[in-house]
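Student: Pasting in a structure now, in structure tokens, and then I'll have a few things to ask.
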Amino acid sequence: MSASNTTYISSVVLTYWVVSISMVYLNKALMSGNLEAPLFVTWFQCIVTAVICWLAGKCGERAQRIRSAAYSKINQDDSMMLANNNSTTTSSPGENNNNTSSLSINGSSEPPKPSFFAQFPKAEYSFTVARKIFPLSIVFVGMISFNNLCLKWVEVSFYNVARALTIVFNVFFSRLLLGIPTSLRTMLCLSVVVMGFFIGSKGELNFSSRGTIAGVASSLFVSLNSIFTKKVLPAVDDNHWKLTWYNNINACFLFLPLIYYFEYDILKEHLDMELISGQFWSAMTIAGFFGFSIGIVTVLQIKATSPLSHNISGTAKAAVQSMMAFYIWGNEPTLLGVLGIFIVLGGSLLYTYVKMNENKMIAHSPPRRDVEMSQRSGA
């Protein structure tokens with residue numbers, strides 16, 4: 001591996017860590033502020049994400065136009081060079097063939113490298129597509145709402161433990177809804193995670209029942225979100241950025257009745273305080289930007305490394321995030337609390353390793369004998 005490649009990978013991983021940890025800490029600061037309106041905060045972050053998706057879509061359109069224009073110009077130049085070459089009568093036929101071959105090899109008929117924004121599709125809102133996405137959007141609202149409520153009510157050091165049951169629900173719903181079998185090794189990994197969850201809960205000095213329940217609910221909705229995402233992706237041409245756009249637009253509407261019912265009086269009381277503070281709105285906007293950016297840096301890290309390396313990086317980041325919280329937020333550590341954190345993260349990492357090995361075995365396994373026999377009889 002070259003030094004430049006190592007530097008690039010290190011910068012991508014570092015960016016992922018900075019964005020992810022900053023997003024969690026900034027959201028904790030917003031949720032712990034004087035404005036007790038977590039749904040309103042989450043709603044505004046959805047607006048920021050939707051606006052960024054729209055702007056990115058505009059940049060993507062422009063990038064595609066520039067690339068198409070450059071490609072057309074290259075083709076025109078190549079055609080002119082080929083025409084000039086064919087009109088030359090002074091060279092022999094063999095020389096003409098050599099020149100034509102040289103043009104095919106050296107001529108730049110390939111389109112220019114796409115820009116970063118070329119990956120973003122045009123942000124269009126179709127009610128037909130939105131209706132197909134709507135069930136996922138309901139799950140999405142539950143996921144981000146309970147996630148922020150968990151962050152509001154528990155200590156940052158306990159946050160990863162409170163949301164540790166995501167992979168447990170993943171396996172459960174995969175078996176229940178998709179019929180995917182579960183191996184013994186997977187069950188052992190889940191047992192380690194569940195054990196770490198209870199040990200960490202036991203060791204948490206400022207234990208919050210409602211925060212832990214919110215964390216478990218968040219884990220449940222995260223699992224449902226991944227399953228529903230697979231089902232509705234074809235509705236947006238398997239494009240995750242289109243799905244992000246529709247999800248956040250739908251969420252902006254879904255949050256409104258919830259905000260009115262649960263937080264209207266609170267927002268009314270703070271009209272002359274936080275809601276007119278430039279610092280508050282700046283923090284809200286930056287948090288929304290981080291929420292969008294985490295999707296980008298996650299993709300970049302997976303592309304620069306591998307899915308397994310990404311999970312290892314995420315696990316290490318979660319450990320550093322929890323340890324830093326003891327100092328930054330003044331959370332008092334306990335032996336059981338720290339032990340629970342590392343058992344949960346270790347079990348999650350072990351689960352990732354086991355699942356990737358199982359997927360490799362399935363991918364490289366020979367066809368089943370009964371399938372071969374049925375194919376022969378069919379022939």
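Student: Would you check which residues across the stretch 24-77 are aromatic (Phe, Trp, Tyr) and at pLDDT 90 or above and list them?
Tutor: Here is the first cut: in the stretch 24-77, the ones aromatic (Phe, Trp, Tyr) are 25, 40, 43-44, 54, 71.
25, 40, 43, 44, 54, listed by residue number.
Student: On to the next question. Give the residue that is nearest to residue 59 (Cα to Cα), with candidates limited to residues of the stretch 223-266 that are hydroxyl-bearing (Ser, Thr, Tyr) and crowded, with 18+ Cβ neighbours inside 10 Å.
Tutor: First, the residues of the stretch 223-266 that are hydroxyl-bearing (Ser, Thr, Tyr): 223, 226, 229, 244, 246, 260-261, 264.
Going one step further and asking which of them are crowded, with 18+ Cβ neighbours inside 10 Å, we end up with 223, 244, 246.
Numbers: 223: 32, 244: 16, 246: 18 Å.
Selected residue: 244.
Student: I'd like the full set of residues that are within 22 Å of residue 51 (Cα to Cα) and aromatic (Phe, Trp, Tyr), limited to the stretch 220-246.
Tutor: 241, 245, 246
Student: Residues that are free of Cβ contacts under 8 Å to residues at least 12 places away in the same chain, outside any helix (DSSP H, G or I) and among the hydroxyl-bearing types (Ser, Thr, Tyr): does the stretch 205-214 have at least one?
Tutor: no
Student: Can you go through 9, 21 and tell me which one is modelled with pLDDT of 90 or more, assigned to a helix (DSSP H, G or I) and over 21 Å from residue 243 (Cβ atoms)? Outline the logic, then answer.
Tutor: Working: 9 fails: modelled with pLDDT of 90 or more.
After ruling out the rest, the residue left standing is 21.
Student: Give me the residue from the stretch 268-293 that is at pLDDT 90 or above and among the aliphatic types (A, V, I, L, M) and, out of that set, most open to solvent (accessible area, probe 1.4 Å).
Tutor: Across the stretch 268-293, the extreme among qualifying residues is 286.
Student: Kindly list the number of the only condition in (1) closer than 25 Å to residue 130 by Cβ; (2) over 26 Å from the mean Cα position of the chain (by Cα); (3) at pLDDT 95 or above that fails for residue 261.
Tutor: Condition not satisfied by residue 261: (3).
Student: Among the residues of the stretch 193-206, what is the count of those that are surrounded by fewer than 17 Cβ atoms within 10 Å (Cβ to Cβ) and more than 14 Å from residue 163 (Cα to Cα)?
Tutor: Of the residues in the stretch 193-206, 3 are surrounded by fewer than 17 Cβ atoms within 10 Å (Cβ to Cβ) and more than 14 Å from residue 163 (Cα to Cα).
Student: For the stretch 294-379, which fully contained helices (runs of 4 or more DSSP H) count at least 2 residues that are open to solvent by less than 80 Å² (accessible area, probe 1.4 Å), at pLDDT 90 or above and in contact with a Phe, Trp or Tyr (Cβ under 9 Å, 6 or more places away or on another chain)? Break it down stepwise before answering.
Tutor: Numbers: elements: 307-328, 335-364, 369-378.
The qualifying helices (runs of 4 or more DSSP H) are 307-328, 335-364.
Student: Moving to a separate point now. Select, from 157, 145, the only residue that is in contact with an Asp or Glu (Cβ under 9 Å, 6 or more places away or on another chain) and open to solvent by less than 20 Å² (accessible area, probe 1.4 Å).
Tutor: Working: 145 fails: in contact with an Asp or Glu (Cβ under 9 Å, 6 or more places away or on another chain).
So the residue among 157, 145 that is in contact with an Asp or Glu (Cβ under 9 Å, 6 or more places away or on another chain) and open to solvent by less than 20 Å² (accessible area, probe 1.4 Å) is 157.
Student: Continuing with this model, one more query. Identify the residue in the stretch 117-141 that is without any contact (Cβ under 8 Å) to a residue 40 or more places away in the chain and polar (S, T, N, Q) and, among all such residues, is most open to solvent (accessible area, probe 1.4 Å).
Tutor: If we take residues in the stretch 117-141 being without any contact (Cβ under 8 Å) to a residue 40 or more places away in the chain and polar (S, T, N, Q), then 128 is most open to solvent (accessible area, probe 1.4 Å).
Student: Could you check the stretch 232-273 and list, in sequence order, the residues that are of a type in the set (Lys, Arg) and either touching a helix residue (DSSP H, G or I) at 6+ places or on another chain (Cβ under 7 Å) or in contact (Cβ under 8 Å) with a residue 60 or more places away in the chain (or both)? Before you say what the answer is, go through the steps one by one.
Tutor: If we filter the stretch 232-273 for residues that are of a type in the set (Lys, Arg), which is where we start, we get 242, 268.
The answer is 242, and nothing else.
The values are calculated or read from the model by the stated rules, or taken from the named source; none is laboratory data. Keep in mind the model is a prediction, meaning the values are calculated, not measured. Note that we place each Cβ from the backbone using ideal geometry, even for glycine, and neighbour counts take in every protein chain shown. In case anyone asks, the SASA skips ligands and DNA or RNA and just uses the protein heavy atoms, side chains included. Shrake-Rupley method; radii C 1.70, N 1.55, O 1.52, S 1.80 Å.
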